[in-house]
Every structure is written in C-alpha cells, then in structure tokens.
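A short worksheet on the structure shown next.
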Amino acid sequence: MKLANAALAVLAAVITGVGGGAGAAQVANAHDQKAAHSPPSTTPTPSTPTARKTTTPKPTQSATPKPQDALSEENVVRERLYFDVTGHSFTRTEPDPAQTLSPCTGEKKFSDVLPSSGVTRISSQLVDPFHTGHQVVEQVAQTRTAREARATADRIVTLVDECAAISGGDFGYGAAVTVESKLNVTYFPAYDSDTPAGGYIVFSVGTRVGFVDVADNVTEAEVDHLAKEAANIAAD
C-alpha cells in the first residue's frame, strides 16, 4: 500500500513537472512574440557632450580709405582765417590759371608734379585790397592714395629747397622747417633784404596735397601758424 502510494506520488510529480515546464515554455513563447511585435524603445540614450571649439570673429577691415567730401572752398585758406592769423584784411579774387608752382621754380606748375591721372584740384587767391602786390595763393589736389600725396609734397619741398633765391634780387627762403604735428607739413620762411616776407608752405594729409605761397610781410611765427591751419582745413 505504501509502495502504491509512493508510485502515485512519483507519477504526480512527473506530471506536475512536465506540466510546469510546458507552462513555462508557453509563457516564454508569449513573451518573445510580444517583444517581436512591440515598437523599439524611444527613450534617448544619454551621450557625453563633445566640447565645441569657439573662435572670436576678427573685425573686417575695409580695403578702401574712408571717403572724403569733394574739394571745396572749405578746404582752402579764406579771408577770415587769414585775418585771424595775420591781422591782414585780404579779399578773395579769381586765381590765375597760369599760376606757377613757386616764385623760384621757373615755369613749373602744380600739375607738373602731380600724378598724371585720378587727380582733382582747387585753387584760391587772396590779395591786398590796397594794391600793394601782396597776395596769398593756395592750390590743393586730391590724389588717389596717401602715398601719391606724400610723394608729391616731398618733391615740391625738394624743388623749393634747391632754389634759395630769385636771380637778380635779394628775396630768398630760409631753411625748411618741419611742423611738429600728426600732419606732414613743411614751410620755408621768406625774407626780402633780411626782412620777413611771408613764406612757402607745403603739406600732405591723407590723399590730399597742397601748397600755400604767402607773399606778404608776415613773420615766421605767423607762417608757422598758418601752415598748421592750412593743413588742418585741407583734411576736412
């Protein structure tokens, strides 16, 4: 009887084991089928951020110089400015189109020392209303580059420096004086029989170059002051 019960118990265990294995297999198969028909997970996988190299943009530099207004009467010495510097009441008159470069450079004209192209000019002339023959002549040119303007000014200085006096007279220029400023300005004090007689001013500022021939009995200090003023207003 005990043996029969034991056999039955063994048989029940076997059946239970087989049934349980089949049930487990069915559950596993169902889980696999569900996984096959389910959409993939959309949860983002965290990633390690990569360091981004940043560069500071450099300022763009213009290849062309700052534009200037066209040359006008505002760029040359006028009656009021000349009076403020010298105390002489000169009046404006039409400049002579045949005006030479300076009293001691022969027939050479301003156009002879300027670049052959790309140049605009303006001229001015102030005269003593009492017909003493005293006058102030200025010519200013706009060139294409600052290098052209500087080269022209340097050439004029050289030409004037080489002619110390007018043949047959006592008129002459003293040594060239370089004005201490940010502008390229040189002047020659003029003398007539050792008496101050104005002077000759040459300047270049940016792309502009010019000269002022002061044929008036003003001192070297007044010529120095006028040289600075002339260069500054030519730059405007």
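Quick notes
- Residue within the range 129-141 that is within 35 Å of the chain's Cα centre (by Cα) and of a type in the set (S, T, Y) present: no
- Any hit, the range 163-170, residues being modelled with pLDDT of 90 or more and under 24 Å from L114 (Cβ atoms): no
- When we screen G174, G210, G206 for residues that are in contact with an Asp or Glu (Cβ under 8 Å, 6 or more places away or on another chain) and over 15 Å from V76 (Cβ atoms), the only hit is G174.
- Subset of the range 97-150 [surrounded by fewer than 16 Cβ atoms within 10 Å (Cβ to Cβ) and hydrophobic (A, V, I, L, M, F, W, C)]: A98, F130
- Tallying residues that are free of Cβ contacts under 8 Å to residues at least 60 places away in the same chain, closer than 15 Å to F83 by Cα and in a strand (DSSP E or B) within the range 107-138 yields 3.
- Verdict on F171 being among the aromatic types (F, W, Y), open to solvent by 40 Å² or more (accessible area, probe 1.4 Å) and in contact (Cβ under 8 Å) with a residue 12 or more places away in the chain: yes
- Residue check, R155 at pLDDT 95 or above, outside any strand (DSSP E or B), of a type in the set (D, E, K, R) and surrounded by 17 or more Cβ atoms within 10 Å (Cβ to Cβ): no
- Screening the range 174-184 for residues that are modelled with pLDDT of 90 or more and in contact with a helix residue (DSSP H, G or I) (Cβ under 9 Å, 6 or more places away or on another chain) and picking the one that is surrounded by the most Cβ atoms within 10 Å (Cβ to Cβ) gives N184.
- Any chance T143 is touching a residue at least 60 places away in the same chain (Cβ under 8 Å), over 14 Å from C104 (Cα atoms) and hydroxyl-bearing (S, T, Y): yes
Residues checked against (1) touching a Lys or Arg at 6+ places or on another chain (Cβ under 8 Å); (2) over 23 Å from G206 (Cα atoms):
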{"residue": "L101", "(1), (2)": "yes, no"}
{"residue": "I122", "(1), (2)": "no, no"}
{"residue": "Q125", "(1), (2)": "yes, yes"}
{"residue": "P129", "(1), (2)": "no, yes"}
{"residue": "V140", "(1), (2)": "yes, no"}
{"residue": "R144", "(1), (2)": "no, no"}
{"residue": "R147", "(1), (2)": "no, no"}
{"residue": "V157", "(1), (2)": "no, no"}
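- Within the range 224-235, restricting attention to residues that are more than 20 Å from E148 (Cβ to Cβ) and in contact with a helix residue (DSSP H, G or I) (Cβ under 9 Å, 6 or more places away or on another chain), the residue that is least open to solvent (accessible area, probe 1.4 Å) is L226.
- Residues of the range 84-94 satisfying the condition of being under 33 Å from the mean Cα position of the chain (by Cα) and either at pLDDT below 95 or of a type in the set (D, E) (or both): D84
- Residue in the range 217-234 that is under 23 Å from A70 (Cα atoms) and among the acidic types (D, E) present: yes
- If you go through the range 189-206 and keep only what is of a type outside the set (A, V, I, L, M), surrounded by 24 or more Cβ atoms within 10 Å (Cβ to Cβ) and within 15 Å of N217 (Cα to Cα), you end up with G198, G199, Y200.
The values are calculated or read from the model by the stated rules, or taken from the named source; none is laboratory data. All of these numbers come straight from a predicted model, not from anything done at the bench. So basically every Cβ, Gly included, is an ideal-geometry build from the backbone, and we count neighbours across all protein chains shown. Just so you know, the surface numbers come from the protein's heavy atoms only, side chains and all, with ligands and any DNA or RNA stripped out. Shrake-Rupley method; radii C 1.70, N 1.55, O 1.52, S 1.80 Å.
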